[in-house]
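Working notes, structure below.
The values are calculated or read from the model by the stated rules, or taken from the named source; none is laboratory data. All values reported here derive from a predicted model rather than from experimental measurement. So basically every Cβ, Gly included, is an ideal-geometry build from the backbone, and we count neighbours across all protein chains shown. Note: accessible area is taken over every heavy atom of the protein model, side chains too, but ligands, DNA and RNA are not part of it. Shrake-Rupley method; radii C 1.70, N 1.55, O 1.52, S 1.80 Å.
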Amino acid sequence: MDVNGVSYTLTLDSRTTLLDALREHLHLTGTKKGCDHGHCGACTVLVNGTRINACLSLAVMHEGDSITTIEGLGTPGDLHPMQAAFLKHDGFQCGYCTPGQICSAVALFDEIKKGVPSHVTGDLSAPMTASNLELRERMSGNICRCGAYSNIQDAIAEIAGGVV
Amino acid sequence: MKPFTYERATSPAAAIETVASTPGAKFIAGGTNLLDLMKFEIERPTHLVDVRGLPLAAIEDTEDGGLRIGALVTNTDLAAHPRIKRDYGVLSRAIVAGATGQLRNKASVGGNLLQRNRCPYFYNTNMPCNKRVPGSGCSAIGGISRSLAVIGTSDSCIAHNPGDMAVALRVLDAAVETMNADGQTRSIPIADFLLLPGETPEIEFALQPGELITAVTLRPPLGGTQHYHKVRDRASYAFAIVSVAAVLLEDGTGRIAFGGVAPKPWRIEAAEAALPDGAEAVASAVFEGAAPMEDNAFKIPLAERTLALVIAEGKA
């Protein structure tokens, strides 16, 4: 599989999740293991541009896929705009959920552009918007135990202003 | 997680043949529920057949004006499909009321139908559970039962079906298309697909060993206003305590199915004749014979009030 633009060939136990392959085998530890059961969103990565929980996917099921982790979004010297917005708005406290929050936030704009509705969408067939209510609902799969939600929301809303 | 072997399916027939003839083999698609349960060793497949490469991911118009939804269509793609949003709004709304963006991106339509229940005792491998270990007993009866079923239960099991999508499919009278090991296909009405526990709560689906879901079919659109209202403990990302799927027509008739209250989406067609008389009349007929526990008896009046809200929305 391709991870952050680098091609890897791995030989793994069939039980290895995508999350463990990234962290334990490729040593890309930016992606975090929180609950390991799809509840918390700390392991959110992009697979072919789509956000999923890496803990609920087997690595063997990603042969040929293109994976983007937080390390692939930006670097300390060249931050992704969403990373910069999280810094600007102090969208974290301990930082453990942050890679998942940022990957999730980056991906949700494509979902809005493609017309994927959410639980709070009014008219299903109208163009989707990135209102604060929509952003909050679409981020509900990423839990922040420090409760930095208001600043996370501010960071994503700033990007939303320039994207949607 | 217990060890297992893995293969990618090359054709539906080959996948079915492998699963039907290999003890402990299972299909895997999105895997969001199966892998969760494998980590708890509640599910212990010895062999996984990955069906995602099969050509079952299309949404096509049917000759009668309905839709045929491939079993591998993701929950996200189904909820976002223009015809689903326009003609089957109850289905789109039910899907996005469930899980999270990440999970819906991965979960398939077929897998959603096959999700297991969320009874706390099914998940607690230290406790008896007739679904997990047939004959071991039901810990939920007399135990923590607030989230569980109030009707359609048995002395063996009071677990409820936790899904949202299936409640909408029930109100739409969808059908589940399958293929079995003999290459035969059949169409199972959604009403018959999910089973009540009776004395065999471990048997949850009307599928033969190795039988593969290939598609879900929808009849021509019903029109009317379409609603899915879900009551839960959090505003987002929580299972339903009670949900109502409804298609309400201008003449005051309609269709109603309840989620979160029974081992399957709970729809009593005969009760729908009472719709012009209001929620109380419908709910009293729908929940006739209910057998709630002390902890979850509140679901019955809550279901009635939720229906009243949906009827009011339909008139607004």
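Some notes on this structure:
- Hits in region B:19-60 - residues which are at positive phi and either part of a helix (DSSP H, G or I) or open to solvent by less than 50 Å² (accessible area, probe 1.4 Å) (or both): B:24, B:31
- Scanning region B:31-43 turns up at least one residue that is within 8 Å of another protein chain (Cβ to nearest Cβ) and of a type in the set (S, T, N, Q).
- Taking the criterion of being out of contact with any Asp or Glu (no Cβ under 7 Å at 6 or more places or on another chain), surrounded by 15 or more Cβ atoms within 10 Å (Cβ to Cβ) and part of a loop (DSSP other than H, G, I, E, B), the residues of region B:190-201 that qualify are B:196, B:197, B:200, B:201.
- Which numbered condition residue B:128 misses (of (1) over 25 Å from residue B:50 (Cα atoms); (2) within 13 Å of chain A (Cβ to nearest Cβ)): (2)
Table: residues versus (1) open to solvent by 70 Å² or more (accessible area, probe 1.4 Å); (2) out of contact with any Gly (no Cβ under 9 Å at 6 or more places or on another chain); (3) at pLDDT 95 or above; (4) away from chain B (no Cβ under 11 Å).
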| site | (1), (2), (3), (4) |
| --- | --- |
| A:69 | no, no, yes, yes |
| A:89 | no, yes, yes, yes |
| A:98 | no, no, yes, yes |
| A:101 | no, no, yes, yes |
| A:106 | no, yes, yes, yes |
| A:114 | yes, yes, yes, no |
| A:117 | no, yes, yes, no |
| A:124 | no, no, yes, no |
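- Hits in region A:126-142 - residues which are closer than 14 Å to residue B:101 by Cα and open to solvent by less than 50 Å² (accessible area, probe 1.4 Å): A:134, A:135, A:137, A:138, A:139, A:140, A:141, A:142
- Residues that are assigned to a strand (DSSP E or B) and either away from every other protein chain (no Cβ under 14 Å) or open to solvent by less than 20 Å² (accessible area, probe 1.4 Å) (or both) within region B:203-226 comprise B:205, B:212, B:213, B:214, B:215, B:216, B:217, B:218, listed in sequence order.
- Residue within region B:145-168 that is at the interface with chain A (Cβ under 10 Å from one of its Cβ atoms) and closer than 19 Å to residue B:43 by Cβ present: no
- Of the residues making up region B:255-271, at least one is open to solvent by less than 40 Å² (accessible area, probe 1.4 Å) and over 21 Å from residue B:232 (Cα atoms).
- If the condition is being touching a Gly at 6+ places or on another chain (Cβ under 9 Å) and either crowded, with 20+ Cβ neighbours inside 10 Å or within 21 Å of residue A:160 (Cα to Cα) (or both), then region A:55-67 contributes A:55, A:56, A:57, A:58, A:61.
- Flag if residue A:157 is assigned to a helix (DSSP H, G or I), within 13 Å of chain B (Cβ to nearest Cβ) and crowded, with 16+ Cβ neighbours inside 10 Å: no
- Residue B:66 being within 19 Å of residue B:170 (Cβ to Cβ), within 12 Å of chain A (Cβ to nearest Cβ) and either touching a residue at least 40 places away in the same chain (Cβ under 8 Å) or among the aromatic types (Phe, Trp, Tyr) (or both): no
- Counting the residues of region A:61-116 that are acidic (Asp, Glu) and either under 13 Å from the mean Cα position of the chain (by Cα) or closer than 15 Å to residue A:28 by Cα (or both) gives 3.
- Residue match in region A:37-60 (condition: out of contact with any Cys (no Cβ under 9 Å at 6 or more places or on another chain), more than 27 Å from residue B:96 (Cα to Cα) and within 11 Å of chain B (Cβ to nearest Cβ)): yes
- For the criterion of being more than 30 Å from residue B:81 (Cα to Cα) and in contact with a strand residue (DSSP E or B) (Cβ under 9 Å, 6 or more places away or on another chain), residue A:64 fails.
- Residue B:99 falls short on exactly one of the conditions (1) surrounded by 16 or more Cβ atoms within 10 Å (Cβ to Cβ); (2) on the phi < 0 side of the Ramachandran plot, and that condition is (2).
- Failed item, numbered, when residue A:140 is tested on (1) away from chain B (no Cβ under 13 Å); (2) under 17 Å from the mean Cα position of the chain (by Cα); (3) in a loop (DSSP other than H, G, I, E, B): (1)
- Segments classed as helices (runs of 4 or more DSSP H), wholly inside region B:80-180, with at least 3 members that are closer than 26 Å to residue B:213 by Cα and small (Gly, Ala, Ser): B:89-96
- Number of residues in region A:143-154 that are crowded, with 16+ Cβ neighbours inside 10 Å and more than 14 Å from chain B (Cβ to nearest Cβ): the value is 4.
- Unique match (being modelled with pLDDT of 95 or more, buried (at least 24 other Cβ atoms within 10 Å of the Cβ), in contact with a Ser or Thr (Cβ under 8 Å, 6 or more places away or on another chain) and among the polar types (S, T, N, Q)) among B:187, B:243: B:243
Conditions tested, residue by residue: (1) more than 24 Å from residue B:9 (Cβ to Cβ); (2) among the charged types (D, E, K, R).
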| position | (1), (2) |
| --- | --- |
| A:24 | yes, yes |
| A:33 | yes, yes |
| A:39 | yes, no |
| A:45 | yes, no |
| A:52 | no, no |
| A:60 | no, no |
| A:73 | yes, no |
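- Residues in region B:102-125 that are within 14 Å of another protein chain (Cβ to nearest Cβ), buried (at least 24 other Cβ atoms within 10 Å of the Cβ) and among the small types (Gly, Ala, Ser): B:107, B:108.
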